Structures are given as C-alpha cells and as structure tokens.
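Chemist: Please read through the structure below; I'll follow up with questions.
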Amino acid sequence: MYYPKLKPLRSRRVTTDRFRGYEHRLRIPDGAFFNTENLCGDQYPLLSSRRPRGLVANLEDPGGLLEKDAPCWVADGTLYVNGYATALTGLSPGEKQLVSMGANVLVFPDKVYYNTADPTDFGSMEASYTTLGTVTYTPCDVDGKPYTITSTGAREPTAPENGEIWIDTADGGTVYRQWSQVSLLWVEIETVYTRIGFTSRGEIPRLFRQYDGVSVSGSQKEELNGEKILYALGGDENTDDYVVVTGLLREANTDEERQLKLERRLPPMDYVCECQNRLWGCFYGSDGEKNLNEIYCSALGDFKNFRQYLGLSTDSWTASVGSDGPWTGAVNYLGTPCLFKESRIHRVSVSAAGAHRLEETVCRGVQRGSHKSLCVVGETLLYKSRTDVCAWQGGFPQSVSGALGEESCYEAAAGSIGEKYYISMRNAAGAWSLYVYDLGKGLWYREDGLHALCFARCGDSLYCIDAETGALWDLQGAAGEREARFSWLAETGVQSYETADRKYLSRFDVKLQLARGGSMRVWLNYDSGEDWLPAGEIEGRGLETVLLPVRPRRCDHLRLRLEGEGELRLFSITRTLRKGSDLP
C-alpha cells in the first residue's frame, strides 16, 4: 500500500537590491518605501542615512537668508555677513526678501541696502527732503549755469549780442530764445531748465545723485511739480544747495517761502529679483491712489531709480499686465526675469535697446505663499504649484512630484545644491516635512519634519534656517557643530499582493552595514492591522556586513519597517515567498 505523495509548497526568492526612495502611494514599485526619514540616495542603488547636519548658529527672530561669497542673514533686526553684525540695524520684524545685486545686499520690504565691498555704504534705497525757508527759481542750462536774460516781451530786442536770452511772450506764450551771431537768428531753446536753490547744508548731495528720478511737490509753480529728473545738483555745508530740473518759467528769477519736497521713491513691489544688472519687481493691489497690476525694472545698474526716463536704453521700465490675480513669485531664470501668478508665467524679453517685451504663458504657476520654492537646479527651474512640484525649462511645466502622493501641501520654501532640490512644506493638518528630490536620479526622499524658513547655497554648503527654533543649519555638515546622533526610518508599502491566495513569507533577509554603536529594529504590520509587532534587532558592527533574518507569520500581506540610529548602508532585502491556499 502506498501513501499519497504530498506536493511541496512552491517557493521563490525575490531580492531587492535597488532602492527607489520615497513613494507615498497605495501601490508602489519594488524597492520604494511608503515612508522614509533621514535617508538618502547618495550611494544609490544602496539606501543610506543622510549626512549629519552642522549647527552654525542660533538666531533670534530670523528674517531671511541670502547666498553670496559668505552667508548673509537677518536676525534680531540686524543684517549679518558671515556671522558678523553690520551697521545695517533697526530692520522691521518679520520675514524679508534678500536680493543680491553686485556687492550689495538689498532688503525688502524695508527698502534698505548694504554694500559688502564698502561697509560705509548702506542705508535707505529711497530719499526725501523738505526745504525750509526761501526757495529761488532761476532759468538755466542743463548744467545749472543761470541764463542771463536781458529782455522779456513780444518784440525782439534790438542790437542783441551773441548768447543773449530773450523771453518771447508773443501770442500769450512763453518761448526762450537765444541770439546766434553766426546765423543772425533768435534760436528757440527747446528744453528749458530751472535751477531750484535753497539751503540744506549739504543734505541734497548726500541724499540724491545726478539723473535721479524724483517727485517734486509743494511749489506754487505747477510746471515744476511732478515727476522730474535731477540733471544737476550741488551744494555743501557752506553754500546754498540746488537742483536742476526741467520747467518753463514765465519770469526770469523768482522766489517763494514754501516747503518744497523732493522724493525718490521705489514703487510698491510684492516680489523682487535681480536680472541683467537691473532690479525687477511686480505688484498687484492699490498704492493708495489707484489699483495696479504692474511689472517694474530699475535703471541699468541702479537699484534706487525706478522713475528714470532719459530716453536711453538704460532707462527704467514699467508695464501693465492684463492677467487677473495677485503675483506669487519672481525669479531670474536663464538670464530672463520670470514673474509668476498661480495660473500664469510672465517672462520679460530684455532688450539691449530698452524695448523690453512681455510674454505670457497660461499654465501652472507658483502657489500663493510658496514663492520661496522657486529654485534652479542645474538648468531646470523647480517650484511648488497649487497641485504639485513642477519642473520648467521654458515651455510648459512638468510634474515631478507623483511620488509624494495626493496630499495637498502649502507654504513651501526650497534650496538646491548639486542635483538635489530640498523643499520644506506643510500639509493640510499643519505637519511640516523636508523632502529631497534628486533630479539626476528622479528619486524623492523625506528627511524629517524640519520647518525651513529659507535656504541659501554658499560654496559647497546649503544653509537653512529652522523657523521654529531659529537654528541655522548647514545641511551638508561642513560648517558648525555636527549632529552627534539622529534616528532614521524606512517603511515599505504592502508586500505580497501579487496573487489572490494566502502566502507564507518564510523569511526576510536584510543585508546591511551599520556603524559601530548604532542599532536597528525591525517591525512588521500584518494584513493592514493597527499594531506594529517587533521582529528583530541588531547592534552595529562597524564595517562588517551583516545579514539579519526576519521570520514573519503567515498572512495575506504585510509591511516592513526598519528604524534605528547610526550610519546605515542597506544593500538588499531578500524575501522567500511560499504560495498557499485561499484559506487563512
């Protein structure tokens, strides 16, 4: 008599030795992890722990961070350069936009600057002066030299001398004419300038410069009020000051006891950036007088002048925009100013002749509140839109954040170094996360819950400010006091869902390298239950590679979690799978 033969359970071994980072979705590819913490792909295809960070400083009331030859930041109302306090103090509390233009650090919304090459050159980008006492008005040439006016009337003077000035009032007009002995004619002076004199004891040369665009107000002579160019100026503590502007006077010399006001103002700007030696900005809203939806740029090489119109290619420039909605960000991308709304990208084609042209693309723009997510990685611009993280190279943006899942995120800030894009943002529940996107490998990783206020790359370091603690971190660990120890975590997605029958995972073999003094714990979650059950533990052995076997119980599906401390290199995870029946 023969007993029936039992068929052995079929089994197979599946080895995962290529790890694909963070994939926060219901079904994820082999080698990816549903959740990660403090892991990276620097040693891809291995999975490894990130570099320890370096604590550079603890800042009080931090406001912003800027990349130059050395890191610059605002804290406690003061601008710091490479850790040293500058003379630029008394800044308002709150977040700042810091812009680098040449050697200057520009601080918004305070509208102040600091010259890192000349520490004595700092102050407000705007200027204002109100005269006291008598103000005199004298017709003059463009250099401020007063005209010698010999006659005023409707009839030509007789026997004039060369260069003599006659104010022609014929037909009720006012025309300045100068006698030319060469042509024997009274030649009309097309542009008449007025020298405005007063006493400021050297304040005017200190506050203003030649060719500044200013607003003049308070004069009884309406032709001198309004937007003007300072064609000349002068004076000191011992002599009367003066400015030269365009303006046609009906009388040769007059004076008045008035408070005349000169102002050089910057337009209101929501976001600013530097591009091609100009400062660019945008504004949506009311300036107190009218509603505006505009883009501005300063005069060439002069961040203080946004109303300098001399008819030259170096002039300031303003354009009104027809698209609705507030501006959400601005960046210099490939030498072009790019200004964003949530549903638009506006690009300015900068012309050497000053005939700048505005182009518009209707597409996903920058999410409102995520203007600090704009960051160039290599030659690709990445930013946070309302629905995803986008990569843009001048055409239409492409989504690169499918691995982050369907969760909505807000208030993103980002920085980059090498091919890595670091982005910190919060979810709808208010929980913050720092994600890293490796553009070269196309992989995401989640580091931890860092709420980064802003980022800045200087040399081989990427700095960021922790908005909650004020800590200034070097994420590469090259500067400051390095972290002594931090924990890491890797949690897989659902395992063994390939067939409908029950499976018996006879074992996991986890091959890894763990630094001496470190440790790792293994947890298993069966059939989507609420509890995580311990399944193994190992202590670090230095450079020695170890194999940790894990024996789960029979189940329909499971998830695996690895967590620990110390430097980690994960080489592979091998699963031995045996197929059973459809019974539990």
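Chemist: With an 8 Å cut-off on Cα pairs and a minimum separation of 6 or more residues, tell me the relative contact order of the chain in percent. Write down the numbers at each step before the final one.
Modeler: Numbers: 1532 pairs, mean separation 88.6, N = 584.
Rounded, it is 15 percent for the chain.
Chemist: Shifting gears a bit: Enter the accessible area of THR134 (Å², nearest 10), with the probe set to 1.4 Å and all protein chains included.
Modeler: 60
Chemist: Choose one of PRO268, PRO71, LEU249: the residue whose Cα lies farthest towards the positive end of the charge dipole of the chain (beta-carbon charges +1 Lys, Arg; -1 Asp, Glu; about the Cα centre).
Modeler: PRO71
Chemist: At 222 nm, what helix-only mean residue ellipticity would the chain give, in deg cm²/dmol to the nearest 500, using -39500 (n - 2.57) for each DSSP H run of four or more?
Modeler: 0 deg cm²/dmol
Chemist: Net charge around ARG201, counting only other residues with Cβ within less than 14 Å of its Cβ (Lys, Arg = +1; Asp, Glu = -1)?
Modeler: Here the charged neighbours net out to -4.
Chemist: Given +1 on the Cβ of Lys and Arg, -1 on the Cβ of Asp and Glu, and no further charges, what dipole in debye does region 156-314 carry about its Cα centre, rounded to the nearest 20?
Modeler: Here region 156-314 has a charge dipole of around 580 debye.
Chemist: Got the relative contact order for region 307-374 handy, in percent, Cα pairs under 8 Å and 6 or more residues apart?
Modeler: Relative contact order comes out at 28 percent.
Chemist: Quick check: with the 1.4 Å probe, what order do GLU227, GLU491 take by accessible area, largest first?
Modeler: Heavy-atom accessible area, descending, gives GLU227, GLU491.
Chemist: Related question: Using a 1.4 angstrom probe on the protein heavy atoms only, line up ASP448, ASP460 by accessible area, largest first.
Modeler: So, going from the largest accessible area down, we get ASP460, ASP448.
Chemist: Let me ask something additional. Assuming R0 = 51 Å, can you tell me the calculated FRET efficiency for the pair SER349 and GLU203, based on Cβ-Cβ distance, to the nearest 0.05?
Modeler: On the way: r = 41 Å, r/R0 = 0.80.
It comes to 0.80.
Chemist: Output the relative contact order of region 421-567, whole-number percent, from Cα pairs under 8 angstrom with separation of 6+ residues. Please report the intermediate quantities before stating the final value.
Modeler: Details: 298 pairs, mean separation 30.3, N = 147.
Computed over region 421-567, the figure is 21 percent.
Chemist: For LYS96, LYS441, what's the largest-to-smallest order of accessible area, 1.4 Å probe?
Modeler: Result of the area sort, largest leading: LYS441, LYS96.
Chemist: Could you tell me which of rounded, prolate or oblate describes the chain, using a ≥ b ≥ c as the square roots of the eigenvalues of the alpha-carbon gyration tensor, with rounded for a/c under 1.5 and, failing that, prolate when a/b is larger than b/c and oblate otherwise?
Modeler: Since a/c reaches 1.5 and a/b is larger than b/c, the shape of the chain is classed as prolate.
Chemist: Let me ask something additional. Taking 22 Å as the cut-off for C-alpha to C-alpha distance, list the pairs among LYS68/LYS372; LYS290/LYS384; LYS384/LYS441; LYS384/LYS420; LYS96/LYS261; LYS341/LYS384 that go past it.
Modeler: Check vs 22 Å cut-off fails for LYS290/LYS384; LYS96/LYS261.
Chemist: With a Förster radius of 51 Å, plug the Cβ-Cβ distance of THR545 and SER399 into 1/(1 + (r/R0)^6) and report the FRET value to the nearest 0.05. Present the calculation step by step, with values, prior to reporting the outcome.
Modeler: Numbers: r = 38 Å, r/R0 = 0.75.
Efficiency, from the Cβ-Cβ distance: 0.85.
Chemist: While we're here: Please work out the FRET efficiency for the pair GLN259 and ARG25, using the Cβ-Cβ distance as r and a Förster radius of 60 Å; give the result to the nearest 0.05.
Modeler: On the way: r = 68 Å, r/R0 = 1.13.
Rounded to the nearest 0.05, the efficiency is 0.30.
Chemist: So how much accessible area does LYS221 have, in Å² to the nearest 10, using a 1.4 Å probe?
Modeler: 40
Chemist: Less than 10 Å Cβ to Cβ from VAL377, Lys/Arg counted +1 and Asp/Glu -1: what total charge do the surrounding residues give?
Modeler: Values: positive: LYS420; negative: GLU379, GLU419, ASP438.
Its environment carries a net charge of -2.
Chemist: Okay, next question. What would the Debye formula give as log10 I(q)/I(0) at q = 0.23, 0.31 Å⁻¹ for the alpha-carbon point model of region 510-552, no solvent?
Modeler: So the normalised log intensities work out to -0.76, -1.06.
Chemist: Tell me whether region 289-338 comes out rounded, prolate or oblate; compute the Cα gyration tensor, take square roots of the eigenvalues as a ≥ b ≥ c, and use a/c under 1.5 as the rounded threshold.
Modeler: oblate
Chemist: Work out the length of the dipole vector of the chain about its Cα centre, built from +1 on the beta-carbon of each Lys and Arg and -1 on the beta-carbon of each Asp and Glu, and round it to the nearest 20 debye.
Modeler: So the magnitude is around 4420 debye.
The values are calculated or read from the model by the stated rules, or taken from the named source; none is laboratory data. These numbers were taken from a predicted model, which means no experiment stands behind them. All Cβ positions, even for glycine, are placed from backbone atoms using ideal geometry, and neighbour counts span all protein chains on display. Each accessible area value is taken on the protein alone, full model and side chains, heavy atoms only, with ligands, DNA and RNA left out. Shrake-Rupley method; radii C 1.70, N 1.55, O 1.52, S 1.80 Å.
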